[in-house]
Amino acid sequence: MTIFWKGIQVTLGFFLIGGLLFASGVFTVLLYAKVTGQEDWMRPAVQALGVGIRPEASRALEGTAEAAASPPVPVEQPKASSVMLEAPVVRQLPELPSGCEVTSLTMLLKFRGIEKTKMELAAEMKRDTTPIRYNKDGSIAYWGNPNIGFVGEPTGKAKGFGIYHTALFDQLKSHVPTAVDLTQEPFEKLEDQLRSGIPSVVWTTIDFQVPERWVVWDSPLGPIQTTFMEHAVLLVGFDEENVYVNDPLSGQGQRKINKEQFKATWEAMGRQAISYTTGS
């Protein structure tokens, strides 16, 4: 009797396994039919096996097919609302009273890992050596153009003015091949640069106020309008209300300035900025 029941149990086990294999095979056929668009063609064959395609099963297969055919949708990460970078602080004084731009460049290169001093960079900086000529009233009639190179003398041994992005960019690129000129880009581009972990040399004014007095003189490239309040700093951070700069004149790092006020001076000075991208 025991042997008889054992036989029945073994037989039922085989039937159970066979049923599971059959059901698995039918589901595979249904899924293949739905994915390949052959559901209608396969329906008679499936029904001949005694299995109907129920609506809920068809919808489940449709969802599976759509999921298989549709690529995942990337989720856009929100941008950081504040960034603060730790960059070396280098003071332009006392050696370079008019050398704020090249001193800011020095800080940028040190951040990049290039150990050049401000005096080494000042020696290789482009110059426009056009001599200064004055009008009878003492105003400047003719002088150099800062888009060509540094105008005047940065050391204070003679009258000095400054250098603009076009000429300083070439010097940056000679040290960092991935240098980028961000001049005329929207300010949000400078914030994105900080989000990527890289500061920028940015032109502003000494007191971070829009100048009330401007000067005009003729130059080898034609007339230029500017101000002796012209200044350059290293932009190292921002938040919703402020920006933070390494100021070469005061020697203060992460100096806080109202963002809208700073943007106004940056725009007044021609929206000039230079930096670099990651890479070799």
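The values are calculated or read from the model by the stated rules, or taken from the named source; none is laboratory data. Predicted model only: the values in this text are computed from it and were never measured. Positions of Cβ are generated from backbone atoms using ideal geometry, with glycine treated the same way; all protein chains shown enter the neighbour counts.
Exactly one residue out of Arg127, Arg213 is more than 34 Å from the chain's Cα centre (by Cα), of a type in the set (Lys, Arg) and either surrounded by fewer than 21 Cβ atoms within 10 Å (Cβ to Cβ) or under 20 Å from Met269 (Cβ atoms) (or both), and it is Arg213. If the condition is being under 20 Å from Leu235 (Cα atoms) and free of Cβ contacts under 8 Å to residues at least 24 places away in the same chain, then region 107-129 contributes Lys110, Gly113, Glu115, Thr117. Checking Glu260, Glu240 one by one, the residue that is more than 18 Å from Gln193 (Cβ to Cβ), assigned by TED's automatic domain parsing to the domain that holds Ile163 and not small (Gly, Ala, Ser) is Glu260 and no other. Ala158 meets each of the listed conditions (1) in contact (Cβ under 8 Å) with a residue 12 or more places away in the chain; (2) in a loop (DSSP other than H, G, I, E, B) apart from (1). The single condition among (1) within 24 Å of Thr106 (Cα to Cα); (2) touching a helix residue (DSSP H, G or I) at 6+ places or on another chain (Cβ under 6 Å); (3) surrounded by fewer than 19 Cβ atoms within 10 Å (Cβ to Cβ) that Ile206 does not satisfy is (2).
Considering only residues of region 84-124 that are within 20 Å of Arg255 (Cα to Cα) and acidic (Asp, Glu), which is surrounded by the fewest Cβ atoms within 10 Å (Cβ to Cβ)? Once the filter is applied, the top-ranked residue is Glu86. Applying a threshold of 9 Å to beta carbon distances and a minimum spacing of six or more residues, or different chains, the list of pairs starting in region 181-208 at a residue that is within 16 Å of Asp239 (Cβ to Cβ) and at pLDDT 95 or above and ending at one that is among the polar types (S, T, N, Q) and not in a loop (DSSP other than H, G, I, E, B) reads Leu190/Ser200; Leu190/Ser275; Gln193/Ser200; Gln193/Ser275; Leu194/Ser200; Pro199/Gln193; Pro199/Asn246; Pro199/Ser275. Filtered by the rule that a residue be surrounded by 19 or more Cβ atoms within 10 Å (Cβ to Cβ) and either assigned to a helix (DSSP H, G or I) or of a type in the set (Val, Ile, Thr) (or both), region 137-155 gives Ile148, Val151.
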